[in-house]
Amino acid sequence: MSTLSAKERMIYQIYPKSFKDSNDDGIGDLKGITAELEYLKQLGVNTLWLNPIYVSPQIDNGYDVADYYQIDEKLGTMADFDELVTKAHALGLDIILDFVMNHTSDQHPWFQAALKDKDSEFRNYYLWHQGKNGGPPNNWGSFFGGSVWQKDPLDPDNYYFHLFAKEMPDLNWAEPKVQVEMLKIAKFWLEHGVDGFRLDAFIHIAKADFEQDMLAESVEPQIAEMFYANLPQVQVYLKEFIAQLHQIKPDIFILGEAASADIDLAVDYTTPPKESCDTVVTFRYFAEDKSQVEPDLPQIGQPVKLDIPGFKSNMLEWQKRLEGVSYPTLYWSNHDMPRILSRFAPKTGSKACAKMLATLMYLQRGIPCIYYGEELGMRSQTLGTVADFEDPQIVDFAKQAKKKGWRDSEILHKASQAHKMAARLPLPFDTTAYAGFSKVQPWKWSKDENVASIAEQMSDPDSVLNFYRQILQLKQQQIFIQGRFILENTSSELYVYRRVIDEHKQVLVICNLSEHEQRYPCGAFTKVLLSQNAKVSADQVKLAPYGSLILQK
C-alpha cells in the first residue's frame, strides 16, 4: 500500500532503452534501471514512470505492443521486472508503467487473427469501414503522416483504422470484450506490484462517425482531432476503467496523457472522486513562437522557440482553474518533444538556465515530472543521419529542405532541435567512451560535450544535478505542496510567483528568463531559501542572466 498522495508525488520519467545498459548490447534495460535506484532515491524523486517495456516490433519504440503480458527480451525478463519493483519499493520508490490503450501492434495475436478470418471474434476488437468512391472511407489524417486508413488484406474495398503508424491499428473500445481484456492486462501488472499507470493516448479511444469528411479543399489527408480526440464517450470508458482499477488497488496512481486537452477537459478528466485520473499531461502549456518557421517546409523539421508571454498565460490558466480540483503535472520535457534547453534556446549560460527553469517549474502548485537527464542539463543532440530519426516525415522534410538549398549539416541540426528522437539519447554516467551507459555504441548515439556526467556532477556542489536535489528537497515542504499559487504581473523577462498558505506563510519565487540582468522588489520577503546568480540588497533583488531566487517572509 503506497503512502503517497497524488500531490506528494515527484515523478521521474525513464526511457528504458536510453537509461542504462547492463549487458552491453547498446540498449538500456531493466537491470540497468535497478542498478541506479540509489541514484534516483538520492535525487529526491519518489515515483518512476517507465516508457513501454512490453514485447514489441519497435515500430514506435515500444508503443506498438505485440504482447502486453511479456517483457521485451531486449529489456529483460519478468524476473528482472519483479526484482526492479521489489528493490524500488524497498527504497520507497513507486513504479508506474505506460499503459498503451488506444492501439496494439499489427503483430498482436488479436490483430493477426482478425486479418486471417473475417468471422473471427477478434475482428471487432479493431475498427474497420468500407471505402468510398474507390478510396478510403474519409479524408482523416494520421498523426504519423498520410491517411488513418489501411487496406484490409481480406477485402480490397475495406479498411482498418490507425491513428498512428499503419502497423499500429486502433482498438475498438465500443466492443465490451476489449474493455474486459484491457482491465485483465492492468490487473496482471498490478499483481506484479506496479503502483499505477500512465494512460497513453487515452483521449483517442472514442471516434466519431467514419462517414464524415473533414472540410478541406486539399485532397491530402487532414488531421481531424475533432473526430478522434476528446469525444464525450472517452469519459464514459475512462471512468468505468479507472473505477474498476480502484476496486483492485484503492491507492493506485493514474497519470493520463491528454496531449491536446484544454483546461475544461483537464478538469473533467481529473475531478474526484475515484473514477478520474489523478493528473493529466497537456501539451498546451508550451505556446510557440513560429516567427522563424519557413511556411513552405514541413514544421516537423523546424525548431520553434518558446513564446514566453503565451506560456505565462497558459500556465496561469492551468494553475488557477485546477485549484480545488486536482494538481497539474509540472514538466518541461518528455519523450514526445525536444528537450527544454533546446526549445528555450539560451545563447549562453545554459547551466544557469537549467537551474532557473527547474526553480520556475517545479515549485509551482503541481506534480513534478522530470524527464531523465534533465537533472543534468541535457539538450537534444544532433543525430548523424536522417535515418536516425526513424520517421518518414523527416525524410520528406529533408528532401524538401535540400531542394531549397539547405546543406545536409543544417538539415540534421535543425531537425534534431525540433524532433522528439534527438531527446532520447543515453544518460551520461561517466567520462568513458560511451559515457558509462554501455561499453558498446548505444542504439542511438551523439555525444554531448557540453553536459557533465553524473559522476562529475555528483562531486560538484554547483552542478545542475545538485541544484535539482535542492529544488526537490524544497518541494517536500508543505507550502510548496499545499500553498496557493499567485503569478505576479511582470514583464515577459521575469516569471515571479508566490506560494501562500496564509498571511504569515508565504514564499516568493523570482526567475529571470532573459540573458540580461533584471531587478525586482522583494518587500517583506527577506529570508533566502535558495539562490542562484542572484543577490538581495535592501528590498530589491538583482538577478544575473537566468538567475533565480526563492525568498520567505
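The values are calculated or read from the model by the stated rules, or taken from the named source; none is laboratory data. What you see is a predicted model; the values in this text were computed from it and never measured. Quick reminder, even Gly has a Cβ in these numbers, built from the backbone with ideal geometry, and neighbours come from all protein chains shown. Surface areas here come from the heavy atoms of the whole protein model, side chains and all, with no ligands, DNA or RNA. Shrake-Rupley method; radii C 1.70, N 1.55, O 1.52, S 1.80 Å.
Of note:
- Extreme residue, nearest to ALA174 (Cα to Cα), among residues of region 223-245 that are hydrophobic (A, V, I, L, M, F, W, C) and open to solvent by less than 20 Å² (accessible area, probe 1.4 Å): VAL234
- Verdict on GLU317 being touching a Leu at 6+ places or on another chain (Cβ under 6 Å), modelled with pLDDT of 95 or more and either open to solvent by less than 20 Å² (accessible area, probe 1.4 Å) or not hydrophobic (A, V, I, L, M, F, W, C) (or both): no
- Sole exception among (1) in contact with a Pro (Cβ under 9 Å, 6 or more places away or on another chain); (2) closer than 14 Å to THR490 by Cβ for LEU513, by number: (1)
- Candidate set from region 400-420 (those that are among the charged types (D, E, K, R) and part of a loop (DSSP other than H, G, I, E, B)); member that is least open to solvent (accessible area, probe 1.4 Å): LYS404
- Number of residues in region 361-387 that are part of a loop (DSSP other than H, G, I, E, B) and more than 15 Å from the chain's Cα centre (by Cα) equals 12.
- For region 253-289, a residue qualifies if it is under 22 Å from the mean Cα position of the chain (by Cα) and of a type in the set (D, E, K, R), and the qualifying residues are GLU257, ASP262, ASP264, ASP268, ASP278, ARG284, GLU288, ASP289.
- Criterion (open to solvent by 30 Å² or more (accessible area, probe 1.4 Å), out of contact with any Gly (no Cβ under 7 Å at 6 or more places or on another chain) and farther than 24 Å from TYR497 by Cβ) met by exactly one of PRO309, PRO338, PRO295: PRO295
- For region 454-476, the set of residues classified as of a type in the set (D, E, K, R) and open to solvent by 70 Å² or more (accessible area, probe 1.4 Å) consists of GLU456, ASP462, listed by residue number.
- The set of residues in region 123-141 that are closer than 21 Å to MET101 by Cβ, open to solvent by less than 10 Å² (accessible area, probe 1.4 Å) and outside any strand (DSSP E or B) contains only TYR125.
- Residues that are without any contact (Cβ under 8 Å) to a residue 12 or more places away in the chain and crowded, with 18+ Cβ neighbours inside 10 Å within region 426-440 comprise just one, TYR434.
- For region 246-281, filtering for residues that are farther than 17 Å from HIS204 by Cα, assigned to a loop (DSSP other than H, G, I, E, B) and either open to solvent by less than 20 Å² (accessible area, probe 1.4 Å) or in contact with a Phe, Trp or Tyr (Cβ under 6 Å, 6 or more places away or on another chain) (or both) leaves 2.
- Candidates are the residues of region 443-453 that are touching a Phe, Trp or Tyr at 6+ places or on another chain (Cβ under 9 Å) and open to solvent by 10 Å² or more (accessible area, probe 1.4 Å); the one that is nearest to PHE344 (Cα to Cα) is LYS447.
- Residue in region 421-428 that is outside any loop (DSSP other than H, G, I, E, B), at pLDDT 95 or above, closer than 30 Å to GLU317 by Cα and touching a Pro at 6+ places or on another chain (Cβ under 9 Å) present: yes
- Some residue of region 33-41 being surrounded by 24 or more Cβ atoms within 10 Å (Cβ to Cβ) and over 18 Å from the mean Cα position of the chain (by Cα): yes
- Considering (1) open to solvent by less than 20 Å² (accessible area, probe 1.4 Å); (2) at pLDDT 95 or above; (3) outside any helix (DSSP H, G or I); (4) not acidic (Asp, Glu), the lone condition that ALA354 does not fulfil carries the number (3).
- Hey, ILE501 β-branched (Val, Ile, Thr), surrounded by fewer than 21 Cβ atoms within 10 Å (Cβ to Cβ), touching a helix residue (DSSP H, G or I) at 6+ places or on another chain (Cβ under 7 Å) and part of a strand (DSSP E or B) or not: yes
- With respect to being within 20 Å of TYR269 (Cβ to Cβ), in contact with a helix residue (DSSP H, G or I) (Cβ under 7 Å, 6 or more places away or on another chain) and of a type in the set (Gly, Ala, Ser), ALA208 fits the description.
- Of residues in region 50-87 being of a type in the set (Phe, Trp, Tyr) and open to solvent by 10 Å² or more (accessible area, probe 1.4 Å), the one farthest from the chain's Cα centre (by Cα): TYR69
- Among the residues of region 378-387, those that are open to solvent by 30 Å² or more (accessible area, probe 1.4 Å) and of a type outside the set (S, T, N, Q) comprise ARG379, GLY384, VAL386, ALA387.
- Residue count for region 388-399 satisfying the condition of being in contact (Cβ under 8 Å) with a residue 60 or more places away in the chain, in a helix (DSSP H, G or I) and open to solvent by less than 60 Å² (accessible area, probe 1.4 Å): 4.
- Of VAL219, VAL180, all but one fail to be more than 20 Å from LYS132 (Cα to Cα), among the hydrophobic types (A, V, I, L, M, F, W, C), open to solvent by 40 Å² or more (accessible area, probe 1.4 Å) and more than 24 Å from the chain's Cα centre (by Cα); the exception is VAL180.
- For GLU211, the conditions (1) open to solvent by 80 Å² or more (accessible area, probe 1.4 Å); (2) over 15 Å from PRO136 (Cβ atoms) are fulfilled apart from (2).
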